[in-house]
Each structure stands twice: as structure tokens, then as C-alpha cells.
Amino acid sequence: APAGPAPPPREGRGRGGGGAREPRRPLPPGGGGEEKGRDQRAPPRGPPPPPPALPPRGGGGGRARRYFRTESWRAIVEDRPDGTHANEATVKLWAKGERIVATAEGN
């Protein structure tokens, strides 16, 4: 059995002011998807020049100077049941003959 008359069409769906939509205009010949101004751009110039050479690290001798030595590190991310997250990181290193342990929480 028929369910009765169809409900009236809904207006104002999507973004915009909520008024009725304007009718769609037909596309121009060729589909209208061409990129505008393509022939006005400069042609590619080729690959960029290489970067300038960097001086040796550490002032010479060919060796990099070491300011600290990393013993170990770890990072923990916890997903909680309420949808929040907890983060914790620990770094253990040696600098100037001392052992340093740093721990932090948060982002």
C-alpha cells in the first residue's frame, strides 16, 4: 500500500547561508577543467645549484667534537581509556665526566 505523499525537498543542506541553491551552469566546451594561465608561466630552469661546501666540524683534524655521550634513552606513550594520552621520556647521558639522568612528562 502507498505510504502517502512524498515529503517536500529539504533546503539549506551543506555550507552556505541555508537558502535554495542556484541551478548548475553547463560546462564550457572542452570540460572547463583546463588549468588557467599555463602558457604564461616561465619554463623550468633545470636543477638548482649544489649547496656550498661546509667547513669541517670541530675546527679541524677531521674529527667531530663530542660534547656528551648518550648512555640510553626511552620514550613511553600511554593511551588511556578516557581517550587522553600520557607521555614520558628518560635520557641518561655523560657530560664533563658526570652522569646526568633527565626525565620529563607531557608533550
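The values are calculated or read from the model by the stated rules, or taken from the named source; none is laboratory data. This structure is a prediction, so every number in the text was calculated from the model and none was measured. Virtual Cβ from ideal backbone geometry, glycine too; neighbours counted across all protein chains shown. Areas reflect the complete protein model, heavy atoms only, side chains present, ligands, DNA and RNA absent. Shrake-Rupley method; radii C 1.70, N 1.55, O 1.52, S 1.80 Å.
A few comments on the model shown:
- Cβ-Cβ contacts under 9 Å between residues 6 or more apart (or on different chains), taken from a first residue in the range 68-94 that is over 15 Å from residue 104 (Cβ atoms) and open to solvent by 60 Å² or more (accessible area, probe 1.4 Å) to a second residue that is in a strand (DSSP E or B) and of a type in the set (Gly, Ala, Ser), are listed as 68/95; 69/95; 79/86; 80/86.
- Note on the range 95-107: among residues that are touching a strand residue (DSSP E or B) at 6+ places or on another chain (Cβ under 8 Å) and not in a strand (DSSP E or B), the one that is most open to solvent (accessible area, probe 1.4 Å) is 107.
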